[in-house]
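> Below you'll find the structure I mean.
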Amino acid sequence: MGTLIKSISFKNFYNYYGSYEDNTYTFTEGLNIINADNNMGKSKFYNGFLWILRDEVYDSDVKKIYPASESYFKMMSAKARYERSDLEMGVRIIYENEGITYKVTKSVNCSKQGDDWDYQAKTDVIKTEGNSDLPLLDKDEKQEAIRCLIPADMEKYSLLQGESMERLVDLSTLDGLEKTINVLADINNLIKMCDLAAELVKQAKKSYQEEEKRNKDADADIINLRQTRDNYEKWIQEATEKIELARKESVQAKEKEQQYESEFFSSKKRIQLRKEYEDECKKLEGLKSKKERQELSITSRLFDENCPWLLFGLEGETGDFDDYRIALSKQLAAIEIQHNPDIMLPEGSPDAPSLKRMLEHEWCEVCNREAKRGTDPWLHIKKVMERPKEPMRVSDSFMQFYGDIQKITGRYETTIPNIIDDYNHYMEEIWDFEDQITQQEKVVEAKENELTLVGSEDTSEDDDRRVLSGYNQAKRLLQEKEEEIQRYTGKIELWKKGLEKANRELDKRQESTPIRKAKQLYEDMQIVGSIFNSTKERIFQGLVSNLQVSANEMYGALTKGNQTLGGTLNFDRQEDGTVKVSVTNSYGEELFGNGTGFQRMKQLSIVMSIISSRVGNKRFDYPFISDAPFSEFSWNFIRNFFEIAPNVFRQSIIMIKDLCEPNSQLLINEHGEDIARKMREGEIKGTFYVNYPETRADASNLVTKKKCYSE
């Protein structure tokens, strides 16, 4: 059983310019190496297998898999495309499966029509059995033959490219390892037998119930007992199905919980920091608004009724103005007296403050003569000061104009000295706001840096809220499903007691031989089903138990000679039937942070251990094809794999650059020379090819040639 690839050939496929005969690589059992430097066809070689198996190719420009039909232009040899406008491009694989040889050729006739290319693709499959060649024409037959190369369920473990090795076993899901064990340990047939036995139980039960219905001697009590029994069986079956569904949903909820758990605390922290950041930003905006309002208030302060800043620096000016006004009044009074000696108080006489001052100083400033207290002049001044006030009227008198100015500005005399203090207080408030803003900007910046450190640039608030919601929902669902399982488990126990009682009563009342035979068959089928299920569980449990030992042996062999230890693999069967894999250190604590090389080796050791734990054949029967699997490995890892792989994989085809030495005449380094020598001497079974350029050229004229060092 299984498949062995005999050869692969290329025709004008990427940089494999020329005919199939020019670009044929033959393989044997064991280790087959295609050693090539960068841009010398490793990924293109791998694409040949992808095209044959999946009608896809890997586009190294965008690092994605694309349908081959969308990539024909890139797949064509650039050299062939420049040389002619009509060419054939293709891949041919010859392999053997169960004594039958298949030759599969996928090709495209490419012809240039103006500026565009026309493509005509075809697939040819020839099946050789004995000396008879049979071309397969039916599309389904062709696909079935191609799938003999590597079955679909084995492709994940057989066809690997670089980082895909890290996904050999899906350890991110709780049942990922269980699925891998079922496939690689070849117990799927046993699982199918369990399903078949379950179907036989259903059929036997149906026959038993039909035989009961044919019994005409059944009275009402028997019919009621049957109904009771059927009800119990129905309830138990429904509850069992609900428990099974709840377990699956519980596993999914646990996976979700674990998936969100690593992000939960980071998301929670980000949400908290975003709230703090927004609050600090609001504080900053508030301070800026206050400062802006303070700055805008300068206009009102310039014209403030109580302390106008426009009068800044005018201390004493009102006194000088008063002196000028008094002097002017005296001059005007003297002139007026000369013309009208009888007037005592000419127009523009002093205001109330001046009159008051005259009374206090006992001196008439109008006449410029003494006015002693109690004398007629003094009493006259007092009478003038106390005379009734007349309504203000507009006067065109020059003295009246200056008198009004004096009255208006006089009240600011005492406030002008306060302007400088008011201004300094204003500026202190502005500077205080600037200091507060500067400090708050630092707080905002610190919060922003905190957010950056927890990954806020890569996630939105909605993303984080979805994580929190998903995590909490998963926890609630997990608890609900566990409670549901317990509830239905309790009901089943109760219903089973009722079922046993109903069956005992029916056994006493139903003595018909056909019924007893049908019931016996039903019970026998139940026993058979139980045997198959317990056998499956026993084998699976045994595999898991042995797997921990063999996986650690394999892990140790693969990491042998490394400067650091990769820890110990642990396989724990969970209550829900799944298997959890963890790595522990020498203290038994879970180990985190192993490098990529260790992580890939962990995956590879698990797969290789599962294969080695198979019942019967201990080797993987399909080709192990890998493109650059050792990009993260040291030479120590690579050497260990080369030593162990032939014992696990019947045939390995490895595209690798780690043995290259372009400056060497042989184009390989000392490790490559050692492997080639061991292959020639028969110590290692396999083939060793080295790709090299025909001449130094860019992709438009690149031609890949090969040397075989194992012959």
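The values are calculated or read from the model by the stated rules, or taken from the named source; none is laboratory data. What you see is a predicted model; the values in this text were computed from it and never measured. Using ideal geometry, Cβ is built from the backbone for each residue, glycine included, and neighbour counts are taken over all protein chains shown. To get the accessible areas, we keep the full protein, side chains included, count just its heavy atoms, and leave off ligands, DNA and RNA. Shrake-Rupley method; radii C 1.70, N 1.55, O 1.52, S 1.80 Å.
> Would you check which residues across the range 113-138 are assigned to a strand (DSSP E or B), of a type outside the set (D, E), modelled with pLDDT under 90 and farther than 30 Å from S85 by Cα and list them?
Across the range 113-138, the qualifying residue is only S132.
> Out of the residues in the range 424-450 meeting the condition of being hydrophobic (A, V, I, L, M, F, W, C) and closer than 14 Å to K282 by Cβ, tell me which one is surrounded by the fewest Cβ atoms within 10 Å (Cβ to Cβ).
The residue in question is V443.
> Of all residues in the range 288-303, how many are part of a helix (DSSP H, G or I), open to solvent by 80 Å² or more (accessible area, probe 1.4 Å) and more than 16 Å from T438 (Cβ to Cβ)?
Total satisfying the criteria: 3.
> Looking at the range 237-287 only, could you name the residues that are closer than 30 Å to Q436 by Cβ and either of a type in the set (G, A, S) or free of Cβ contacts under 8 Å to residues at least 12 places away in the same chain (or both)?
Q272, K275, E278, D279, K282, E285, G286
> Something else now. If you scan the range 199-226, which residues turn out to be part of a helix (DSSP H, G or I) and open to solvent by less than 50 Å² (accessible area, probe 1.4 Å)?
Residues satisfying the conditions are V201, A204, Y208, E211, E212, I222, L225, R226.
> For the range 480-533, name all the residues that are aliphatic (A, V, I, L, M), open to solvent by 60 Å² or more (accessible area, probe 1.4 Å) and over 52 Å from the mean Cα position of the chain (by Cα).
L521
Every residue, every condition in (1) part of a strand (DSSP E or B); (2) at pLDDT below 90; (3) surrounded by fewer than 22 Cβ atoms within 10 Å (Cβ to Cβ), yes or no:
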position	(1), (2), (3)
Y25	yes, no, yes
M40	no, yes, no
F73	no, no, yes
V91	yes, no, no
S111	yes, no, yes
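> Continuing with the same structure: Inspect the range 687-699 for any residue being within 16 Å of N23 (Cα to Cα), surrounded by 22 or more Cβ atoms within 10 Å (Cβ to Cβ) and touching a helix residue (DSSP H, G or I) at 6+ places or on another chain (Cβ under 6 Å) and give the result as yes or no.
Scanning the range 687-699, I find at least one residue that is within 16 Å of N23 (Cα to Cα), surrounded by 22 or more Cβ atoms within 10 Å (Cβ to Cβ) and touching a helix residue (DSSP H, G or I) at 6+ places or on another chain (Cβ under 6 Å), so the answer is yes.
> To continue, here is another question. Looking at (1) touching an Asp or Glu at 6+ places or on another chain (Cβ under 7 Å); (2) assigned to a helix (DSSP H, G or I); (3) aliphatic (A, V, I, L, M), which is the one condition that is false for I52?
So the condition that I52 fails would be (1).
> Another one. How do the pairs read when you match residues in the range 487-500 that are closer than 18 Å to A246 by Cβ with residues anywhere that are assigned to a helix (DSSP H, G or I) and small (G, A, S), using Cβ under 7 Å and keeping only pairs 6 or more apart or on different chains?
Partner pairs satisfying both residue conditions: Y488/A239; K491/A239; I492/A239.
> Taking the condition of being open to solvent by less than 50 Å² (accessible area, probe 1.4 Å) and part of a loop (DSSP other than H, G, I, E, B), how many residues in the range 635-668 meet it?
The total comes to 4.
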